[in-house]
Structure formats: C-alpha cells, structure tokens
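Have a look at the structure below, then the notes.
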Amino acid sequence: MKIGILQTGHAPDALLDDFGDYISMFQTLLGQQDFTFGDWSVVDGVFPDSINDADGWLITGSKHGAYEDHEWIPPLEDFIREAVTHKVPLVGICFGHQIIAQALGGKVEKYAGGWAVGAQNYDFMGTSIPMNAWHQDQVTELPPGATTVARNDFCEHAAILYGDRAFTVQAHPEFGAKFIEGLINARGRGVVPDALLDDALTRLDKADVSQTIADQFADFFRQERT
C-alpha cells in the first residue's frame, strides 16, 4: 500500500540535520507497517496529479494556520474534499487535523485558552493515551457527520473520525522528546509563554506511545471500504 505524504510545513532549519523534515518523521513513524511512500511539498506548491497517485494520504503539521491566506490552502481543501468523495483514506496530524475539518465544514481558530506544548494525556474513548502536542489553533466546531474520538480538558476535539474516510489527531505522535526539546529552543521562546515551555521540559519522557498511534493509522488506512 502506498501512502502519499502531503507536507504542509517544514521543521526549523536548526533541527533538520538531527531530525530530518516532517516527511522523514512520518516515514519513521509508519516504518514498521510495510507501506511504501510518496511525498509532495504542498506548502511549496507541489501537489499530486491525482488523488489516485497513492492509496491513502497523510497531511502533516505546519506552523501555518488553516484559516490563513496562502495560495496552497484552497487547492489542498479541494484535494481533501475529492479524496473524501472518492473514498481515498486521509490521515491528518495537527495542521492536517485542522485543515481536514475546515475543508469539510468545521471551524478552526486560534484558541483563547492558549497553547498546548509537550506531553498531554488524551482520552481515546476511555483509554488514556499520552502524546506530544504543539499547537494554539484548534478545531472548535465539528464538520457535519464527524465524531470526536479523543479529547482532554484543553482540547475538546483532539481526534476526529469521519466514518471510513478520514482519521485525524491534533497531537504529534511523530514528535519525540528530543524534537520537542529542540522545538522549545528553536521556535518556542518568545512565542509560547516561558512557563509552559519550562513545564514541558519537565515532562519530556511522558509521551512515548508512537507505535500505538502508528498502528491505529495503519489499521485505518487498510480498512476495507465499499
């Protein structure tokens, strides 16, 4: 099965040598799943020719807001709607989670409650799963037909299921502790309140469940669709 990765942002330059860009992080996250991969840097205007260029699609995180005015966002939303219509499965992470919701009629906004940074616990239908987060924007209104499948006190719609069409999460299962530490130093200071960053540094070892989420993504991609 071929998974197409749609890159909607880049890791900070200071972290690229040590961690690679977001595409390589997701290839590593899904590396035990016997997938092949293709990638397109949609943030740089590079799009697939067709939704059928892959068997399923994964949309990465980004420093950009889904509601911002960028030339590549409207065609990405069109791509999402076409994939959903034709039952080509989508997985979205952080920005990907948000842009899928927005494209399908939900609402994304800068959350008045501030930022979530570092390890957070999420209630996945009664099971607590810790994941690393890095976001201020949130999905605040669900699209029609969508179901929230994970939440916590800070983020009401932390994971969303769209039947067998899309599965999205707000947090970052691809981010390990060292990358969060690097983000704090490369992108956090002066943007995110220092108290939140300092607290996140004390919890760097609290979110190592990436394989659990990778298995859920893989099961979703392989699900039979009629």
- Message: Just checking, does the stretch 23-37 include any residue being more than 26 Å from E224 (Cβ to Cβ), surrounded by fewer than 22 Cβ atoms within 10 Å (Cβ to Cβ) and hydroxyl-bearing (S, T, Y)?
- Response: yes
Reported set for the stretch 34-72 where residues are assigned to a loop (DSSP other than H, G, I, E, B), within 24 Å of F217 (Cα to Cα) and hydroxyl-bearing (S, T, Y) is S41, S50, T60, S62
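Take A177 and tell me if it is modelled with pLDDT under 95 and not aromatic (F, W, Y).
Values: modelled with pLDDT under 95: yes; not aromatic (F, W, Y): yes.
For A177, the condition - modelled with pLDDT under 95 and not aromatic (F, W, Y) - is met.
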Those residues of the stretch 52-61 which are of a type in the set (S, T, N, Q) and surrounded by 24 or more Cβ atoms within 10 Å (Cβ to Cβ) amount to T60
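Take the conditions assigned to a helix (DSSP H, G or I) and surrounded by fewer than 22 Cβ atoms within 10 Å (Cβ to Cβ) and apply them to D198. Does it pass? Steps first, please.
Working: assigned to a helix (DSSP H, G or I): yes; surrounded by fewer than 22 Cβ atoms within 10 Å (Cβ to Cβ): yes.
For D198, the condition - assigned to a helix (DSSP H, G or I) and surrounded by fewer than 22 Cβ atoms within 10 Å (Cβ to Cβ) - is met.
Can you name the residue in the stretch 168-185 that is buried (at least 19 other Cβ atoms within 10 Å of the Cβ) and more than 10 Å from the chain's Cα centre (by Cα) and, of all such residues, is nearest to Q27 (Cα to Cα)? Before the answer, list the steps.
First, pick out the residues of the stretch 168-185 that are buried (at least 19 other Cβ atoms within 10 Å of the Cβ): 168-176, 179-180, 182-184.
After this cut, where a residue has to be more than 10 Å from the chain's Cα centre (by Cα) as well, the list is 175-176, 179-180, 182-184.
Details: F175: 12, G176: 14, F179: 16, I180: 18, G182: 20, L183: 20, I184: 23 Å.
Checking each candidate, the answer is F175.
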Within the stretch 202-226, the count of residues that are charged (D, E, K, R) and farther than 21 Å from E181 by Cα comes to 5
From the option list P75, P143, single residue qualifying as touching a residue at least 12 places away in the same chain (Cβ under 8 Å), assigned to a helix (DSSP H, G or I) and of a type outside the set (F, W, Y) is P75
Taking first residues from the stretch 8-35 that are touching a residue at least 40 places away in the same chain (Cβ under 8 Å) and second residues anywhere that are of a type in the set (S, T, Y) and not in a helix (DSSP H, G or I), the pairs with Cβ under 6 Å that are 6 or more apart or on different chains are T8/T60; T8/S62; G9/S62; Y22/T60
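Out of the residues in the stretch 78-92 that are among the β-branched types (V, I, T), out of contact with any Lys or Arg (no Cβ under 6 Å at 6 or more places or on another chain) and surrounded by fewer than 24 Cβ atoms within 10 Å (Cβ to Cβ), state the one that is farthest from D53 (Cα to Cα). Full working, then the answer.
So in the stretch 78-92, the residues among the β-branched types (V, I, T) come out as 80, 84-85, 88, 91.
Of the ones still in play, those that are also out of contact with any Lys or Arg (no Cβ under 6 Å at 6 or more places or on another chain) are 80, 85, 88, 91.
If we keep only those that are surrounded by fewer than 24 Cβ atoms within 10 Å (Cβ to Cβ) too, we end up with 85, 88.
Details: T85: 16, V88: 10 Å.
Here the answer is T85.
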Scanning the stretch 212-226 residue by residue, the ones that are exposed (fewer than 13 other Cβ atoms within 10 Å of the Cβ) and outside any loop (DSSP other than H, G, I, E, B) total 1
Among strands (runs of 3 or more DSSP E) entirely inside the stretch 93-135, those with 2 or more residues being touching a residue at least 40 places away in the same chain (Cβ under 8 Å) and crowded, with 19+ Cβ neighbours inside 10 Å are 116-124, 127-135
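The values are calculated or read from the model by the stated rules, or taken from the named source; none is laboratory data. Model, not experiment: these values are computed from the prediction. Glycine also receives a Cβ, built like all others from the backbone with ideal geometry; neighbour counts cover every protein chain displayed.
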